[in-house]
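Below is one structure, written out as structure tokens; the observations come after it.
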């Protein structure tokens, strides 16, 4: 071997002995892969356990209990969801209702916009107590309503078309376009 | 399957059936109707829902009856009648009709309008039918014969909602002043059609901006 060959060989050895610069994230990547392989292996085991057929013994009382529990879950879940969507504010039109009821102690506007609940939309009297008014936001459509005077007397709106009377007490109709 | 398992399955099925019935009932009705009326109205609502009809008008009719302290039989009869009218309205107006249109169509039928006229209105009007149907109903309730009212509203099938509403108010005003209902509708519809035609012609002659 020649002298200059030895020098070249020594330089190569020194070069190979130099420490290699490693990506500092390498360890993290390796550990992530190892962990995922472990999870996949465990999941495969669980899946195999779930798929393996086996005989389950259940007493009659436990069977009835399970049936009752399933029924209770089905009963409870839908009741948590809103059954009827509230109308969007953009779709409503304010409508003023007016009725003359001199001497009345209280007057309510009752209709399908407040589920026919006389407590929800009380009307306000003017200074003389003759003219009762209220303004309510209505969605597009045809709404039936009536005035309830002193909680006992149903009065139709004289300024609006009458609705067919199904119940022996008058109602009126207001239509909101849209 | 053993007998015990069959018993369990039956119990589950019974529980599920019971749950389905209860779910069909509207919570707003539960405290306003007695149990027998509630069951009858609930069955009518189930049938309507199964037929694809809106149930909200049925709920409101039952609530109206309850608020007015009507007899239970009367409430059930009113809900049943309305369900039938909604079905006829849907057949006349088409399956694409909105719940609001069906409700307005049911009112028109109740007033005496023929289903065929509802179908014609659907064919001729591209906009929502709610206001047109309401005007038709109100005219008939106000004394205009159903065929005259239908002819008038069909003549205005392409008018805007506010034009139809103005027409209806004008007819009602004329009737209140003593005009014969059919004549009032005929005169006012001619005037409204003339106004619409003139305004369309004027808007067409308006110079356009460069």
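Below are the figures for this structure:
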item	result
Count of residues meeting criterion [exposed (fewer than 14 other Cβ atoms within 10 Å of the Cβ) and either at positive phi or within 30 Å of the chain's Cα centre (by Cα) (or both)] in region A:88-119	8
Residue that is nearest to residue B:164 (Cα to Cα) [pool: residues in region A:162-178 that are more than 8 Å from every other protein chain (Cβ to nearest Cβ) and in contact (Cβ under 8 Å) with a residue 60 or more places away in the chain]	A:176
Residue match in region B:11-23 (condition: loosely packed, with under 12 Cβ neighbours inside 10 Å and either modelled with pLDDT of 95 or more or under 26 Å from the mean Cα position of the chain (by Cα) (or both))	no
Unique match (being at pLDDT 95 or above, within 7 Å of chain A (Cβ to nearest Cβ) and either more than 14 Å from the chain's Cα centre (by Cα) or on the phi > 0 side of the Ramachandran plot (or both)) among B:65, B:94	B:65
Residue tally, condition facing another protein chain (nearest Cβ under 10 Å) and more than 23 Å from residue B:84 (Cβ to Cβ), over region B:140-168	7
Residue check, residue B:36 within 11 Å of chain A (Cβ to nearest Cβ) and either surrounded by fewer than 22 Cβ atoms within 10 Å (Cβ to Cβ) or assigned to a helix (DSSP H, G or I) (or both)	no
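Table: residues versus (1) outside any loop (DSSP other than H, G, I, E, B); (2) touching a strand residue (DSSP E or B) at 6+ places or on another chain (Cβ under 8 Å); (3) at pLDDT 95 or above.
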| position | (1), (2), (3) |
| --- | --- |
| A:83 | no, no, no |
| A:95 | yes, yes, yes |
| A:99 | yes, yes, yes |
| A:104 | no, yes, yes |
| A:113 | no, yes, yes |
| A:132 | yes, yes, yes |
| A:137 | yes, yes, yes |
| A:148 | yes, yes, yes |
| A:160 | no, yes, no |
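The values are calculated or read from the model by the stated rules, or taken from the named source; none is laboratory data. The model shown is predicted, which means the values in this text are computed figures rather than measured ones. Positions of Cβ are generated from backbone atoms using ideal geometry, with glycine treated the same way; all protein chains shown enter the neighbour counts.
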